[in-house]
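To start, the structure under review is shown below, and the notes come after it.
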Amino acid sequence: MAGPKRPHKPKQVPSRKQILEFIERSDQPAGKREIAKAFGLRGSDKIALKALLKDMADEGLIDSAPGRAFHKMGGIPKVTVLKIVEIDGNEAIGVPERWEADNAPVPRLRIREKGRRAALAIGDRILARTEERGQGHIAYLMKKLAQSSDMLMGIVEKDERDRYWLKPVDRKIRRSTAILDLGDAEPGNLVLAEPLKRGSQVKARVKEILGDPFAPKSFSLIAIHKFEIPQHFPDAVLKEAAQATKLPLSNEKREDLRDIPIVAIDPSDARDHDDAIWAVPDDSPDNAGGFKAIVAIADVSFYVRPGSRIDKEAYKRGNSVYFPDRVVPMLPEALSTDVCSLKQNVDRAALACHLTIDAKGQVIATRFTRAIVKLAGNIAYEDAQAAMDGDLEHPLKTSVLEPLWACWKLLAKARDSREPLNLDLPEKRVVLDDQGRIEEIAIRERLDAHRVVEDFMIAANVAAAKMLESKKSPVIYRVHETPSREKLIALKDYLKSFDISFAMGQVVKPSVFNRLIEKVDDALLLPLIMEQILRSQTQAYYGHTNMGHFGLSLGSYAHFTSPIRRYADLIVHRALVSACKLEQPSPEDRDIPKKSGLTSDEAGRLDRISEKISQLERRAMMAERETVDRYISAHLSDKIGQILKCRITGVQNFGFFATVEELGGDGLVPVRTLGAERFDYDEVKHQLTGIDSGVTYTIGQKIELRLVEANPATGSLLFELAEGANHMLSRPAPYRKHKGKARHKNKTGRPANIRGNRGKGRKK
């Protein structure tokens, strides 16, 4: 007879360290069940384990993966789904299909495939086993999966056999997708569709009708969907923003600057005003000829606190995105255009940067305070300039604008002495009419009023970076590194084609490029040289390590002046609040985090924050640029067949790109349309040369082209040579005839074929 059942003897619940070690060693997904089994836990022990795992997740030690498995926070599950985003040679690169770790950049894994290659392509989904290698991970392909339900955007088209197709609006996607379920959509509609795997083919089911693809509002909408830019705020974020607007401004804890006539000078159509300025001659005997100035910036950190729902959403967006017809803001409008926006005759919270400037324009003292301001005016750039030019009477001219201009002249003197990069390239802007259609593509006029605000902002940004450095505080810098040697060599080779020398042994400073520009006395050549110098520069980014700002010729630089529209500035504000002891806790009765300064968690992951917001900035730039391209294509769509004055902006082996002068919008002239002769492609000089005729096409060349196609949906243009038009260089380049032989030869000594194979010889 069996004896009585012995009571379960509880096993000790594993420690945090033991759980982390087990998750790292496990070669399969490690969920609660697997952890409990590995440590022999039953009954109440499992309940204790569940509570411990929740605590570890809350503490940021682990994170959950699909299937309720766990992995190290910021790490990658042992088995996970990856999406292929790039093919590098014969190797595929994937990213996790789901990545919930907001405090870590999305990892890129190289895919290892055993046996026969599975013919992976961009967009494929795979199940993979991951393995940590050094500082990164690699993935081993287990099997290909069906396509995900990522939405497709396109235009519904109907062919001659009454079949419906989804024509892509992304110019990089060349094939249309067959539509399986049209729903209520009609030919010509812009739609979102769900991809469906049917055997070896992908078909589409229309899920949402977006409207007319050629309506102006659709151009930005296409970019918003393509780049997955969040445009709607969750209800919880909007609710929290409404609560934040009611935070009281305490006079006791803020410097009262309401009696000082601070003004904001902005574009006439600006909806958010995050910066305002003031200056007055310094009456101190030891600073004769100097000025005292204040740069007041909206105190966004007071309203958007670390860990709040608004903060998480702002971090997810990274920045506001500006389209010709709309703005997708980083913050809800209750904050961005209302309580955070510095407006005339309204009390507003500000973070004030106090500057003492000497007679040479050098900033000799700075301090930061939290303040209350009441602006004396919101002035448009054009009005401020007209007032200073005597073309407009303005009540603040004598008391406010004239001292600002006088102080700016000192700052400008200091700027000239440090010689930042001086590329005076025209900036274009899209002007829309009341119907949202292009009225004109205007050159943005560069006024002294713009330079005044710009130089005050630069001074405040430098002051913020140096203040944080002096306090030994973490900083997110705005970094612009020195041009790479490879780019300088390319610039040297380009300049050589114009008989302009560029010494490689010298210490490269912005002044080197400025001297180069000053030597060019040819008005046609000057913009080409400046554009090539611009191409030689590195792309600016955010980083927690100070590498200086080459273009501005500054050793320390941070973004501080636009916290309404840039997350980087918000982080700098929080760092200043903590470093300068400016904390103002929220009231106990508010459901809002108490602290507004930089948290230890944020300070510990500035590298990841910097990388993410840099990526989001690049996303915004691409979305904005593509949208402008679509507007320009729409503007040109009624000019098909017309001859337009263009300028070549890029040359490749397959043809050259040209932009319509005084308008913009790049289009392609395929090499196959240039005639029957073969063309030699010179990669160094960015030039195509006819082997028989010697006709050259090179960057900067002015040329008349016939517009063949303008596709507003993709933003693409297609040109061809116009018979009888002017195809000659506006400034002839040196050329010597070579009796029918190629003027330029590739590395094999043979001329490239019509496709211009980048110096790799004839195509086999």
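The values are calculated or read from the model by the stated rules, or taken from the named source; none is laboratory data. Here the structure is a predicted model, which means the values were calculated and not measured. Cβ sites come from the backbone with ideal geometry, for glycine too, and all protein chains shown count toward neighbours.
Miscellaneous remarks
- You will find that of Ile533, Ile529, the residue that is closer than 19 Å to Thr698 by Cα, at pLDDT 90 or above and not assigned by TED's automatic domain parsing to the domain that holds Met621 is Ile533 and no other.
- Search result, residues across region 498-510 that are touching a residue at least 40 places away in the same chain (Cβ under 8 Å) and buried (at least 16 other Cβ atoms within 10 Å of the Cβ): Phe498, Lys509, Pro510
- Only one of Ala414, Ala460 that is over 29 Å from the mean Cα position of the chain (by Cα) and assigned by TED's automatic domain parsing to the domain that holds Ile357: Ala414
- Selection status of Gln362, among the polar types (S, T, N, Q) and within 31 Å of the chain's Cα centre (by Cα): no
Residues checked against (1) over 16 Å from Lys639 (Cβ atoms); (2) among the hydrophobic types (A, V, I, L, M, F, W, C); (3) touching a helix residue (DSSP H, G or I) at 6+ places or on another chain (Cβ under 6 Å):
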residue	(1), (2), (3)
Val671	yes, yes, no
Gly675	yes, no, no
Tyr681	yes, no, no
Thr689	yes, no, no
Val695	yes, yes, no
Gln701	yes, no, no
Leu705	no, yes, no
Val708	no, yes, no
Ser716	no, no, no
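- Criterion applied to Ala376, Ala349 was being within 19 Å of Ile265 (Cβ to Cβ) and either touching a helix residue (DSSP H, G or I) at 6+ places or on another chain (Cβ under 9 Å) or among the acidic types (Asp, Glu) (or both), and the one residue passing it is Ala376.
- Restricting attention to region 485-497, the residues that are in contact (Cβ under 8 Å) with a residue 24 or more places away in the chain and either assigned by TED's automatic domain parsing to the domain that holds Ser600 or outside any loop (DSSP other than H, G, I, E, B) (or both) total 7.
- Residue that is surrounded by the most Cβ atoms within 10 Å (Cβ to Cβ) [pool: residues in region 170-191 that are hydrophobic (A, V, I, L, M, F, W, C) and farther than 17 Å from Val202 by Cα]: Leu190
- Of all residues in region 355-373, at least one satisfies being charged (D, E, K, R), more than 28 Å from Phe550 (Cβ to Cβ) and assigned to a strand (DSSP E or B).
- Filtered by the rule that a residue be in a loop (DSSP other than H, G, I, E, B) and crowded, with 16+ Cβ neighbours inside 10 Å, region 228-242 gives Ile229, Phe233.
- Of everything listed in (1) more than 15 Å from Gln701 (Cα to Cα); (2) of a type outside the set (Ser, Thr, Tyr); (3) in contact with a helix residue (DSSP H, G or I) (Cβ under 6 Å, 6 or more places away or on another chain), the single unmet condition for His635 is (3).
- The listed residue being crowded, with 21+ Cβ neighbours inside 10 Å, at pLDDT below 95 and in the same structural domain as Met457 (by TED's automatic domain parsing), out of Asp272, Asp299, Asp311: Asp272
- Here region 380-409 is the region considered, the condition is being under 24 Å from Ser553 (Cβ atoms) and in contact with an Asp or Glu (Cβ under 8 Å, 6 or more places away or on another chain), and the residue that is surrounded by the fewest Cβ atoms within 10 Å (Cβ to Cβ) is Trp405.
- Test: Ile229 is in contact with a strand residue (DSSP E or B) (Cβ under 9 Å, 6 or more places away or on another chain), not assigned by TED's automatic domain parsing to the domain that holds Pro403 and not aromatic (Phe, Trp, Tyr): yes
- Region 665-712, residues that are of a type in the set (D, E, K, R), at pLDDT below 90 and in contact with a Phe, Trp or Tyr (Cβ under 8 Å, 6 or more places away or on another chain): Asp666, Lys685
- Considering Thr599, Thr649, the condition of being surrounded by fewer than 21 Cβ atoms within 10 Å (Cβ to Cβ), in contact with a helix residue (DSSP H, G or I) (Cβ under 9 Å, 6 or more places away or on another chain), among the hydroxyl-bearing types (Ser, Thr, Tyr) and not assigned by TED's automatic domain parsing to the domain that holds Pro324 is satisfied by Thr649 alone.
- Residue, nearest to Met622 (Cα to Cα), within region 189-211, restricted to residues that are among the hydrophobic types (A, V, I, L, M, F, W, C) and modelled with pLDDT under 85: Leu210
- Residue in region 169-188 that is of a type in the set (Gly, Ala, Ser), at pLDDT 80 or above, within 29 Å of His635 (Cα to Cα) and assigned to a strand (DSSP E or B) present: no
- Only listed residue being at pLDDT 50 or above, in a strand (DSSP E or B) and either closer than 24 Å to Ile489 by Cα or over 35 Å from the mean Cα position of the chain (by Cα) (or both), chosen from Phe719, Phe657: Phe657
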